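Colleague: Pasting in a structure now, in structure tokens, and then I'll have a few things to ask.
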Amino acid sequence: MTDRQAQKDALLLAALEHVPFEGWGKAALGAGARDLDLESITARRLFPQASDSLLDAFDDWADRQMLDRLEALGVGDMRLRDRITAAVKSRLEVLAPYREATRRALAARALPTAALGGWQALWRTVDRMWLAAGDTKSDGVSTYTKRIILSGVWTSTLLFWMEDNSDGYTDTWSFLDRRVEEIMQLGKLTTRVQELTDRLPFPKPGASSSD
């Protein structure tokens, strides 16, 4: 981690304490900078777009924390479904101390001006999840398809978690298990369809008549 990254992370975490009251913007950024005795010009240089920069930094920071947790868990020895489950669960556990800030982040990302950044951050998160899970093409499902499917799992589980008041979020973990089971079954179905298609006596896409 670079000194600049460490400085950004420190300011982000300081600002996070104020987000539930000030929202994702200049007010929270300024309050965080004051907590760290950081000059306002330095804060603006680290987060030049205030709200958008803070939101992107929050998503990136949470991703990196998730990856650290997965490395500590040793997910390489797990089944694929358990690796995916661990990735989603770890990401939520990172967010747990900042639940209200996360709620406000979702609301901020829903604004038209922030939508593109939200989609980019979502794709980055699910891409990192799949890579940490040992992404492989041997299951017959394309890279893009897997990320699109996991985007749905992550988003639906996040929204469920936001409203979950069960002890230790047990209801969320049960919901997550069901969703992961669904995508595992979809992966098996996709593989079977691909295997069947490969056996059909029709020219494959892109093949010439003389092949």
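The values are calculated or read from the model by the stated rules, or taken from the named source; none is laboratory data. Since the model is a prediction, treat every value here as computed from it, not as a measurement. Cβ: placed from backbone, ideal geometry, glycine included. Neighbour counts: every protein chain shown. Each accessible area value is taken on the protein alone, full model and side chains, heavy atoms only, with ligands, DNA and RNA left out. Shrake-Rupley method; radii C 1.70, N 1.55, O 1.52, S 1.80 Å.
Colleague: Quick one: would you say Asp9 is of a type outside the set (Phe, Trp, Tyr) and not in a helix (DSSP H, G or I)? Don't jump to the end; show me each part of the working.
Modeller: Numbers: of a type outside the set (Phe, Trp, Tyr): yes; not in a helix (DSSP H, G or I): no.
In short, no.
Colleague: A follow-up question, please. Within segment 75-100, which residues are of a type in the set (Gly, Ala, Ser) and either open to solvent by less than 10 Å² (accessible area, probe 1.4 Å) or in contact with a Pro (Cβ under 8 Å, 6 or more places away or on another chain) (or both)?
Modeller: So the first thing to find is which residues in segment 75-100 are of a type in the set (Gly, Ala, Ser), and the list is 76, 86-87, 90, 96.
Ala87, Ser90 - these are the residues of segment 75-100 that are of a type in the set (Gly, Ala, Ser) and either open to solvent by less than 10 Å² (accessible area, probe 1.4 Å) or in contact with a Pro (Cβ under 8 Å, 6 or more places away or on another chain) (or both).
Colleague: I've got another one for you. Could you please find all residues in segment 101-114 being under 18 Å from Leu29 (Cβ atoms) and open to solvent by 80 Å² or more (accessible area, probe 1.4 Å)? Outline the logic, then answer.
Modeller: First, the residues of segment 101-114 that are under 18 Å from Leu29 (Cβ atoms): 101-102, 104-105, 107-109, 111, 113-114.
Across segment 101-114, the qualifying residues are Arg104, Leu111, Thr113.
Colleague: Here is a follow-up. Can you give me the number of residues within segment 115-135 that are polar (S, T, N, Q) and open to solvent by 30 Å² or more (accessible area, probe 1.4 Å)?
Modeller: The first filter runs over segment 115-135 and keeps only residues polar (S, T, N, Q), leaving 120, 125.
Still in the list and also open to solvent by 30 Å² or more (accessible area, probe 1.4 Å): 120.
Number of matching residues: 1.
Colleague: I need the full set of residues from segment 144-158 which are in contact (Cβ under 8 Å) with a residue 24 or more places away in the chain and open to solvent by 50 Å² or more (accessible area, probe 1.4 Å), in order please.
Modeller: Thr145, Thr155
Colleague: So, of the residues in segment 1-16 that are within 21 Å of the chain's Cα centre (by Cα) and of a type outside the set (A, V, I, L, M), which turns out to be farthest from Ala96 (Cα to Cα)?
Modeller: Gln5
Colleague: Pairs under 7 Å by beta carbon, first residue within 17 Å of Pro48 (Cα to Cα) and in contact (Cβ under 8 Å) with a residue 12 or more places away in the chain in segment 1-21, partner open to solvent by 50 Å² or more (accessible area, probe 1.4 Å) and outside any helix (DSSP H, G or I), six or more apart or different chains?
Modeller: Ala10/Leu36; Leu11/Leu36; Ala14/Leu36
Colleague: A further question follows. Would you confirm whether any residue within segment 22-36 is open to solvent by less than 10 Å² (accessible area, probe 1.4 Å), without any contact (Cβ under 8 Å) to a residue 60 or more places away in the chain and within 21 Å of the chain's Cα centre (by Cα)?
Modeller: Within segment 22-36 (the criterion being open to solvent by less than 10 Å² (accessible area, probe 1.4 Å), without any contact (Cβ under 8 Å) to a residue 60 or more places away in the chain and within 21 Å of the chain's Cα centre (by Cα)), the answer is no, since none of the residues qualifies.
Colleague: Another one. Among the residues of segment 55-74, count how many are open to solvent by 10 Å² or more (accessible area, probe 1.4 Å) and either over 25 Å from Trp24 (Cα atoms) or over 18 Å from the mean Cα position of the chain (by Cα) (or both).
Modeller: Of the residues in that region, 6 qualify.
Colleague: I've got another one for you. Looking at segment 42-54, can you tell me whether even one residue there is touching a His at 6+ places or on another chain (Cβ under 9 Å), open to solvent by 10 Å² or more (accessible area, probe 1.4 Å) and in a helix (DSSP H, G or I)? Give the steps one after another, and end with the answer.
Modeller: Residues of segment 42-54 that are touching a His at 6+ places or on another chain (Cβ under 9 Å), as a first pass: none.
No: zero hits.
Colleague: Does Arg104 fit the bill of being at negative phi, of a type in the set (D, E, K, R), in contact (Cβ under 8 Å) with a residue 60 or more places away in the chain and out of contact with any Gly (no Cβ under 9 Å at 6 or more places or on another chain)?
Modeller: Values: at negative phi: yes; of a type in the set (D, E, K, R): yes; in contact (Cβ under 8 Å) with a residue 60 or more places away in the chain: yes; out of contact with any Gly (no Cβ under 9 Å at 6 or more places or on another chain): no.
In short, no.
Colleague: Answer with yes or no whether Asp164 is assigned to a helix (DSSP H, G or I) and either under 15 Å from the mean Cα position of the chain (by Cα) or surrounded by 14 or more Cβ atoms within 10 Å (Cβ to Cβ) (or both).
Modeller: Working: assigned to a helix (DSSP H, G or I): no; either under 15 Å from the mean Cα position of the chain (by Cα) or surrounded by 14 or more Cβ atoms within 10 Å (Cβ to Cβ) (or both): yes.
Taking the combined requirement at face value, the residue does not satisfy it.
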